[in-house]
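**Q** The structure under discussion is supplied below as structure tokens; questions concerning it will follow.
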Amino acid sequence: MKPWTTAAVWGRAHLAIMLLFLAITCASVAASASEGGEDQEFDAEKRAYGSMPWGKRAYGSMPWGKRAYGSMPWGKRAYGSMPWGKRAYGSMPWGKRAYGSMPWGKRAYGSMPWGKRAYGSMPWGKRAYGSMPWGKRAYGSMPWGKRAYGSMPWGKRAYGSMPWGKRAYGSMPWGKRAYGSMPWGKRTYGNMPWGR
């Protein structure tokens, strides 16, 4: 589809209009939120004063389920574009490869057959010559399940550190918030209550 066709022009105009409506709506909501004070009481089912009611679109915008005037109807492609399910003229049909390419399921000529390794490489399931056998560690390394000499035993913390399940001295107990902070489930003073 060429960028100067009628459908492309209308599509860009539709996008610009919707972005403009979105910017106006965001600005109105921000302005109404900044005007609210602590002493204002709102119902749980109402939005900020001056904003659009729930389920309605901004004035002058397109109704729900309709496209911008002059745009393509739902389920149709732009004029001059390929129909659904068809490929561009001159391209390969579905399920076929380009002329001269290898058929499906075959490898390039001279390459290794399926399931075989390159000549001179190690057979499947074997390690390189001189490497450690499977299941063994390098010579001089710690045995399996043991820690380095002088390190802390399993399940113990470093000496002088806090025991498991305790917090640092002077820190807040578990489940409590810092002194002077907002209680759980409440918003900062002056903000809108939850769900409004």
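**Q** On each of the three principal axes of the Cα atoms of segment 50-196, give max minus min coordinate, whole Å, ordered largest first.
**A** 78, 75, 12
**Q** Starting from the Cα of residue 146, draw a straight line to each of the lysines and keep only those under 27 Å, dropping any in the same chain fewer than 8 residues away.
**A** 136, 156
**Q** For a quick check: sort 188, 25 by the number of other beta carbons within 10 angstrom, fewest at the front.
**A** By the 10 Å Cβ count, ascending, the order reads 188, 25.
Values in this text are rule-based calculations from the coordinates and carry no lab data. If you're wondering where the values come from, they're calculated on a predicted model, not measured in any experiment. Cβ: placed from backbone, ideal geometry, glycine included. Neighbour counts: every protein chain shown.
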